[in-house]
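Q: Mind looking over this structure? Questions follow.
The values are calculated or read from the model by the stated rules, or taken from the named source; none is laboratory data. Just so we're clear, the structure is a prediction, and the values are computed from it rather than from any experiment. Backbone-built Cβ (ideal geometry, glycine too); neighbour counts: all protein chains shown.
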There are 2 protein chains.
Amino acid sequence: MPSFPESSSFPEKADLYLLFEFLRFRSISTKPDHAPEMKRCAAWLQDLLNGGGFKAEVAETGGHPAVLAHGPKIAGRPTVLIYGHYDVQPDDPAELWTTPAFEPAIRNGHIFARGASDDKGPILAHILGAIRTLREEGALPVNLIFLIEGEEEVGSTHLAEFIRARRSELRCDVIAVSDTGMVGPGYPTLTQSLRGIAAMEVVVNGPVLDLHSGVFGGAVMNPATALVHLLSRLHNDDGRIAVPGFYDNVTPPTLMEREALAALPLKEADFQRDTGVLLLTGEPDFTTLERIGIRPTAEINGLTSGYQGEGTKTVLPSRASAKLTFRLVPNQTPSRVLDLVEIFFRHHQPPSVEMEIIRGHGGMPYTLDARSPWGAAAVRALEKTFGRSPALMREGGSIPIVQTFQDLLGSETLLLGLAPPGSRAHAPDENFPLENLELGIRLHQALLTELAVR
Amino acid sequence: MPSFPESSSFPEKADLYLLFEFLRFRSISTKPDHAPEMKRCAAWLQDLLNGGGFKAEVAETGGHPAVLAHGPKIAGRPTVLIYGHYDVQPDDPAELWTTPAFEPAIRNGHIFARGASDDKGPILAHILGAIRTLREEGALPVNLIFLIEGEEEVGSTHLAEFIRARRSELRCDVIAVSDTGMVGPGYPTLTQSLRGIAAMEVVVNGPVLDLHSGVFGGAVMNPATALVHLLSRLHNDDGRIAVPGFYDNVTPPTLMEREALAALPLKEADFQRDTGVLLLTGEPDFTTLERIGIRPTAEINGLTSGYQGEGTKTVLPSRASAKLTFRLVPNQTPSRVLDLVEIFFRHHQPPSVEMEIIRGHGGMPYTLDARSPWGAAAVRALEKTFGRSPALMREGGSIPIVQTFQDLLGSETLLLGLAPPGSRAHAPDENFPLENLELGIRLHQALLTELAVR
């Protein structure tokens, strides 16, 4: 159980101490052997919430557990569900971190640690905000539920089933999530849309074992060669995706949408600086923000074949594989996209190799109506906390569970970003601005107030 | 120092015991941290040779040491240099070995261990053959030199310089090497030609760090995508190499050459069985033996990019790399081929990524005149030992040092194969037929006899 300050309000230092504790858990959901650490992290959250006035449980899901907590019941007030996740991405390549991923460090006003911005910093801000209100005011302005899962980074495998099973307990009027980005430091951001996702692994199998590339080279199809030929067909030379039917049903952006994106305070130069690339590039006839926010993609996330150590090993590898993810926009579905890609690869597969296609997780794209009463309340809370009106952003990432909430609970989700550009989610030196912990706490308080009077 | 039998002749069991000792050394030359083990292996050879009547030294080369040994001087007789190597390929993927690579095991009449056929079994047969002759006859029929290097698997980096420095000591009339294949079990084989080799690593660098593939995907060139596009250009869809100028100067085979290859007792079905591929394939209008023996190749030996662990990690990788080797035939040179490939890649490199090209080792192709007096003596020795006239083979592998011998010592090299098909050089479950140890010993004895009276 975390040490818990006894004073009537949390000093910021105590908040930071708790965040550091939270960040030290190596809660990497994709690695099966990290299951005990996942459980310890969930139990820590349960203790924190119970100690702060909630009724919290570590709930079995069939996979990594979720933390579910209810605040005191207040009749006649709306019910708000705050969703987040305590699982994080792996820290590899670990050697590229300035300080170790699971030993939080402060540099230049930022907290560096895996999960700092995705999503431990933001979800902890919400928890601490609720606890602070309870301590200071004695009551929350709404009925509050926390649902903090442990499988967001692996596609929320078991959460839909969990929500279905506990639907009556999770019934709510609106959902709020801080797992998205801000358009700039200190710039409040409400996300209007998220891309969906579909994952696939392609494995090309050739000879039964690695062969000597001299003794057999030239007479046996090299699986790595077969794989690069297949993968190279995914995109035309101009950057468009070449899979037949891939863009079917993808609606071209309206002029208004294009203008709204162009008006955001995000500069191409900033993207270039943050990524360090020579030049930004992508599908022709679209801007960077359009390519990220409203256009689908096909990305290679990993390649593996043959010898990867020091020096040379003259093998003709027996297998070659690639991990792929596709980002989807409205009117695309994961299963249809994976079908199209599989048909495409099968069509082009050389007869001299075997090909295995392993489908991974999928998530639907999502769009929010920012002019709804809930959307307007979120806009007011962001404005009150940050002192300026929020940007309406179209994000490239995916939070598939948002669509699941819509389907299973029938509730709209508000995406209030707390991670500014440069937060390096999923990458070495992931970080979170120190000030965003306190801002996040105050945003939570303002949000509940506005939602109560929507 | 190996335990050394005191009886007048080696019982086969003692020979086998020595081979097992030799195979237990993890003499992997490509791994810098294996240097001490390389030294121990060289010292073991030195002790064996000294104990058997040679004057042996472990000679510094600037890299892994070479073992150099001279037999008793006999005036008026030709000098024969036997070349081999005690270094081996890495054992990875180690999990695919039936028994561990460095714990020799006997199954179905074969010795399984890394290096069993490439090249510890064959070179030890030569050593034991010479020692047996010395013990049994009291003298060798020729002046005999052993040169056993430790860097064959990494391109014999320092050997040319070593030969240059010790040229007077290494002067010889002919060289014999058993580091090639047999066309079938029990089928004596003299290799007429070897392909050359040129190695290259291509590294594509994109963003300065792995990016979130949702947050940035679509607006940043994925280095893995850039790499697969480049690599896919190496071959046309029909299997021909597409690098302009690659086939310049490559002489088409004569009808006689094609007929000689077609007459060898190697069946396409055997290649297919040994490799386990669905079908053999390669450059159009050539047979399997032609594709391996007389045509150049471009092979991907390894691919690396992004996330390669369990599950999914939605990164846009910051880099992607490939290890390549090209097998060369007469009139091609490593430097010219690497020039052509680099020009080709640079021409097709997208402007949005950086590309690093690292040149590796190179070796010239080699052709032997099998009708020379030395060649004819080798044919007779093979015939005497195996009881049938040898096949004249064109091998796909590379032994660059053979060309170096020609250049620096001016001597022809005889390539007498002791590794039958299925020996799995460079692959898991590498093996060597038990009987080939004794056959190799007798071949060595017959060879020296025939070379003495050429």
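Q: Tell me, which residue of the stretch B:253-287 that is out of contact with any helix residue (DSSP H, G or I) (no Cβ under 9 Å at 6 or more places or on another chain) and acidic (Asp, Glu) is farthest from B:PRO188 (Cα to Cα)?
A: B:ASP285
Q: Scan the stretch B:392-401 for residues that are within 16 Å of B:ASP118 (Cα to Cα) and either over 16 Å from the mean Cα position of the chain (by Cα) or modelled with pLDDT of 85 or more (or both) and report the count.
A: 3
Q: Restricting to the stretch B:339-391, name every residue that is over 25 Å from the mean Cα position of the chain (by Cα) and within 14 Å of another protein chain (Cβ to nearest Cβ).
A: Within the stretch B:339-391, B:PHE345, B:HIS347, B:HIS348, B:GLN349, B:PRO350, B:PRO351, B:SER352, B:VAL353, B:GLU354, B:MET355, B:GLU356 qualify.
Q: Looking only at the stretch A:77-106, count every residue that is over 18 Å from the mean Cα position of the chain (by Cα), β-branched (Val, Ile, Thr) and not in a loop (DSSP other than H, G, I, E, B) and tell me the total.
A: Count: 3.
Q: Still on this structure, please answer the following. I'm told A:MET256 meets every condition in (1) within 24 Å of B:THR312 (Cβ to Cβ); (2) out of contact with any strand residue (DSSP E or B) (no Cβ under 9 Å at 6 or more places or on another chain) except one. Can you identify the failing condition by its number?
A: So A:MET256 meets the others, but not (1).
Q: A further question on this structure: Here are some residues: B:ILE131, B:ILE74, B:ILE145, B:ILE127. Which one is of a type in the set (A, V, I, L, M) and either under 30 Å from A:GLY309 (Cβ atoms) or in a strand (DSSP E or B) (or both)?
A: Just one listed residue meets the conditions, B:ILE145.
Q: Going by what's in this entry, would B:GLU412 be described as of a type in the set (Asp, Glu) and more than 18 Å from B:PHE146 (Cα to Cα)?
A: no
Q: Is one or more of the residues making up the stretch A:263-281 part of a loop (DSSP other than H, G, I, E, B), loosely packed, with under 14 Cβ neighbours inside 10 Å and either in contact (Cβ under 8 Å) with a residue 60 or more places away in the chain or more than 8 Å from chain B (Cβ to nearest Cβ) (or both)?
A: Scanning the stretch A:263-281 turns up at least one residue that is part of a loop (DSSP other than H, G, I, E, B), loosely packed, with under 14 Cβ neighbours inside 10 Å and either in contact (Cβ under 8 Å) with a residue 60 or more places away in the chain or more than 8 Å from chain B (Cβ to nearest Cβ) (or both).
Q: For the stretch B:43-75, which positions are of a type in the set (S, T, N, Q) and either closer than 22 Å to B:GLU153 by Cβ or surrounded by 23 or more Cβ atoms within 10 Å (Cβ to Cβ) (or both)?
A: B:GLN46, B:THR61
Q: Then there is this: Being of a type in the set (A, V, I, L, M) and touching a Pro at 6+ places or on another chain (Cβ under 7 Å) is the filter; apply it to the stretch A:89-115 and report the residue that is surrounded by the fewest Cβ atoms within 10 Å (Cβ to Cβ).
A: Ranking the qualifying residues of the stretch A:89-115, first place goes to A:LEU96.
Q: Would you confirm whether any residue within the stretch B:301-311 is crowded, with 20+ Cβ neighbours inside 10 Å, within 22 Å of B:GLU430 (Cα to Cα) and not hydroxyl-bearing (Ser, Thr, Tyr)?
A: There is at least one residue in the stretch B:301-311 that is crowded, with 20+ Cβ neighbours inside 10 Å, within 22 Å of B:GLU430 (Cα to Cα) and not hydroxyl-bearing (Ser, Thr, Tyr).
Q: I would also like to ask the following. Select from the stretch A:271-323 the residues that are over 26 Å from the mean Cα position of the chain (by Cα) and hydroxyl-bearing (Ser, Thr, Tyr) and list them in ascending order.
A: If the condition is that a residue be over 26 Å from the mean Cα position of the chain (by Cα) and hydroxyl-bearing (Ser, Thr, Tyr), then A:SER305, A:TYR307, A:THR312, A:THR314, A:SER318 are the ones that fit.
Q: Could you run through the stretch A:282-303 and say how many residues are of a type outside the set (Ser, Thr, Tyr) and more than 7 Å from chain B (Cβ to nearest Cβ)?
A: Summing the residues that are of a type outside the set (Ser, Thr, Tyr) and more than 7 Å from chain B (Cβ to nearest Cβ) in the stretch A:282-303 gives 9.
Q: Is it the case that B:ARG258 is surrounded by 14 or more Cβ atoms within 10 Å (Cβ to Cβ), without any contact (Cβ under 8 Å) to a residue 40 or more places away in the chain and in a helix (DSSP H, G or I)?
A: Here the answer is yes, as B:ARG258 does meet what is asked.
Q: Would you kindly identify the strands (runs of 3 or more DSSP E) lying entirely within the stretch B:327-441 that contain at least 1 residues that are under 22 Å from B:GLN192 (Cβ atoms) and aromatic (Phe, Trp, Tyr)?
A: none
Q: Mind listing just one residue for me: the one in the stretch A:225-245 that is at the interface with chain B (Cβ under 7 Å from one of its Cβ atoms) and among the polar types (S, T, N, Q) and, of those, surrounded by the fewest Cβ atoms within 10 Å (Cβ to Cβ)?
A: By that ranking, first place goes to A:SER232.
Q: Looking only at the stretch A:403-454, which residues are farther than 28 Å from A:PRO365 by Cβ and out of contact with any helix residue (DSSP H, G or I) (no Cβ under 9 Å at 6 or more places or on another chain)?
A: A:GLU435
Q: Here's a check for you: in the stretch B:304-329, which residue that is closer than 22 Å to A:GLU201 by Cβ and of a type in the set (A, V, I, L, M) is farthest from the other protein chains (Cβ to nearest Cβ)?
A: Per the stated criteria, the residue is B:ALA322.
Q: Follow-up question, since we're still on this one. Mind listing just one residue for me: the one in the stretch A:337-375 that is charged (D, E, K, R) and without any contact (Cβ under 8 Å) to a residue 60 or more places away in the chain and, of those, surrounded by the fewest Cβ atoms within 10 Å (Cβ to Cβ)?
A: A:ARG371
Q: Also, quick follow-up: Given the criterion within 18 Å of B:LEU124 (Cα to Cα), surrounded by fewer than 24 Cβ atoms within 10 Å (Cβ to Cβ) and assigned by TED's automatic domain parsing to the domain that holds B:ARG77, identify the matching residue among B:PRO420, B:PRO390.
A: Step by step, each of B:PRO420, B:PRO390 is checked, and only B:PRO420 is within 18 Å of B:LEU124 (Cα to Cα), surrounded by fewer than 24 Cβ atoms within 10 Å (Cβ to Cβ) and assigned by TED's automatic domain parsing to the domain that holds B:ARG77.
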